[in-house]
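Presented below is the structure to which this report refers.
The values are calculated or read from the model by the stated rules, or taken from the named source; none is laboratory data. Here the structure is a predicted model, which is why all the values come from computation and not from measurement. Positions of Cβ are backbone-derived with ideal geometry, glycine not excepted, and every protein chain shown enters the neighbour counts. Just so you know, the surface numbers come from the protein's heavy atoms only, side chains and all, with ligands and any DNA or RNA stripped out. Shrake-Rupley method; radii C 1.70, N 1.55, O 1.52, S 1.80 Å.
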Amino acid sequence: MKQPFHIAFCVDNPYFRSMGATISSIAANNPEIHFVIHVFAFDVSDDQRRRLAKLESAFNLSTCLHIIDPSVFNQFAHFTQSSYYSASIFTRLLIPTVLHGTAKKVLYLDADILCVGSIDELVRMDISDTIAAVVPDAEATTERRTVALGLKNRKYFNSGVMLMNVDLWMANAISEQTMAAILKDGSQYRFPDQDALNVVLDGRARFIGKKWNYLYGLVGDLEADRRKLDIKEGEAVFIHFAGAVKPWNNWSGHESRNLFAKYHAMSPWSDMPMDEVPQNYKEMRMFSRFLFKRRRFADSIRWYFRYLSKKVAR
């Protein structure tokens, strides 16, 4: 009997919907693999628990919910209060500790990722000699962050996809070192936990192909009024929509909405609508810019005034 493959997510209640599409996309494209889905969260509503359990009857997978006491991260409160990051970004540091003795390796994924192909190669990947397998970040980000952080290996990864060797991670106290780095130098970090992980794992992680964390910026497309999802066949297995605009933002008009809708329809969250209009003042401002690029000037001005009104009220 094949060993199950462990995947972990760290989410707040609002991200369960997108996580559902991520899980559905993985399971639908890899029906022969049995997955164990670990969900780490601070608080989970009864409705979300019910939906999560439904995944087990829909796909070849098991689910395991891990409730984390948020007070564990009180020492990092100043990072989350002064930025758009939530405390859930630090939760991934607990994954190896919680799963030690349960899984030899675990794949951590952000919940704004869609799988579009087989992950058999990743499942079979031997990482017995490395702490984690990671994927390079965008070239411009890598250039800036390697200099800013003084990385000797001159490589920088995006922490939205990490294949962790649980035993080696624990043996080398990676989580403890990462937390210490955040507390010591976090005020200088652009991406608190990601920068710290890169510092701690400098020269100690294996870099793998970009198809495992294919970063796709929807903002760049929409700023240029490009609304087609421009990815060549075979370029990506995991598409990571890491920017401020997400594929569930139906108001964007981008083709990525269709890809998300496909897998969203397969998930227990399918009755929850996508975002038909911008939800906050930052999205309103972006939408105003996108409409201007489409020469919809009246609509652009209307949304700009909504943005101003929302920002002032905030």
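Remarks
- Net charge of Cβ neighbours under 14 Å - reference residue 311; Lys, Arg +1; Asp, Glu -1: +4
- ³J(HN,Hα) computed for each position of region 284-296 - Karplus, 6.51 cos²θ - 1.76 cosθ + 1.60, integer Hz, glycine/proline x: 4, 5, 4, 4, 4, 5, 5, 5, 5, 4, 8, 6, 9
- Among 92, 124, 285, residue whose mean-square fluctuation peaks in a GNM of the chain (springs only between Cα atoms under 10 Å): 124
- Here's how it looks for residue 132: its modeled amide H is under 5 Å from those of 165, 206, which are all 5 or more places away or on a different chain.
- In Å², nearest 10: area of residue 121 left accessible to a 1.4 Å probe: 90 Å²
- Here the peptides 264-275, 225-236, 6-17 are ranked by packing, the mean other Cβ count within 10 Å, and the order with the highest first is 6-17, 264-275, 225-236.
- Amide H contacts of residue 158 (H built 1.01 Å from N, under 5 Å, at least 5 apart or other chain): 135, 137
- Plainly put, region 190-314 has a radius of gyration that is 1.04 times its Kirkwood radius, both from alpha-carbon atoms, as the Rg/Rh ratio.
- For the residue pairs 246/310; 155/211; 152/210; 184/211, alpha carbon separations beyond 26 Å are given by 184/211.
- Calculated P(r) tail over 32 Å for the chain, as whole % of Cα pairs: 28 percent
- Angle between the chain longest axis and helix 46-58 axis [Cα atoms, degrees, rounded to 10]: 70 degrees
- DSSP-defined beta bridges in region 84-215 - what % are antiparallel, rounded to 5: 85 percent
- Calculated [θ] (222 nm, deg cm²/dmol) that DSSP helices of n ≥ 4 give over the chain, each run adding -39,500 (n - 2.57): -11500 deg cm²/dmol
- Within straight-line cross-link reach of residue 293, aspartates and glutamates at Cα separation under 20 Å, skipping those fewer than 8 residues along the same chain: 221, 223, 225, 230, 255, 276, 283
- What a 1.4 Å probe finds exposed on region 162-314 is 52% carbon and sulfur by accessible area, rounded to a whole percent.
- Degrees, to the nearest 10: 297-313 long Cα axis against longest axis of the chain: 60 degrees
- Crossing angle, helix 139-149 versus the chain [Cα axis fit, 0-90 degrees, rounded to tens]: 60 degrees
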